[in-house]
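J.: I am attaching a structure below and will ask some questions about it afterwards.
Only the coordinates and a few stated rules stand behind these numbers; no lab work does. The model shown is predicted, which means the values in this text are computed figures rather than measured ones. As a convention, Cβ positions derive from the backbone with ideal geometry for all residues, glycine included, and neighbour counts pool all protein chains shown.
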Amino acid sequence: MEVEKRKIEIEKKDNEIIYSKAIKAGKRIYYLDVKKSRNDDMFLAITESKKKVVGFDEDAQVTYEKHKIFLYKEDFDKFLEGIEDVVGFIKREQGEAPQREYKTFEKEEDEVIENEEDSTEDTKSKSFFDKFKF
């Protein structure tokens, strides 16, 4: 009985989200979740969720296709370097993308906040990907 309680506590801790940001972009939502590993190291779980509708009207069935990657702190710098490189390449080859308004919201609060380009928000409180303009 004690072993089962311990397993449940460990599983809850593994799934615990420390900080989260969701970015709605068209039919997709990107979730950036900071979690803690068993040894209390934080890591980033990135989830892409895409809405799929099959059928029409009353027969329509909605499902969500999800893809996840996990990014650990020892890989942050290389990941950022790679993102900057490929985004720079795309911009050089195809130019800047037209600016679209995306909405971001906190998953737990479901409060919608407009993502503003000229925000005077303190840069320390920004998320990992806020410095990129996609």
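J.: Highest first, please rank the peptides 30-41, 76-87 by the mean number of other Cβ atoms sitting within 10 Å of their residues. Mind dumping the intermediate values first?
T.: Values: 30-41: 13.7, 76-87: 11.8.
Packing order, densest peptide first, comes out as 30-41, 76-87.
J.: Taking θ as phi - 60°, what are the ³J(HN,Hα) couplings along segment 91-100 by the Karplus curve (6.51, -1.76, 1.60), each to the nearest whole Hz, with x for Gly and Pro?
T.: Working through the residues one at a time gives 5, 5, 6, 10, x, 5, 6, x, 5, 10 Hz.
J.: Once you have the Cα-Cα distance between Lys66 and Val86, take 0.36 nm times their residue separation minus that, and quote the gain in nm to one decimal. All intermediate terms of the calculation are to be shown ahead of the outcome.
T.: Details: separation 20, 0.36 × 20 = 7.20 nm, distance 2.32 nm.
Difference between extended and current length: 4.9 nm.
J.: For Lys73 and Thr47, what does the FRET efficiency come to when R0 = 22 Å and r is the distance between their Cβ atoms, rounded to the nearest 0.05? Can you show the working numbers first?
T.: Working: r = 18 Å, r/R0 = 0.83.
FRET efficiency, Lys73 to Thr47: 0.75.
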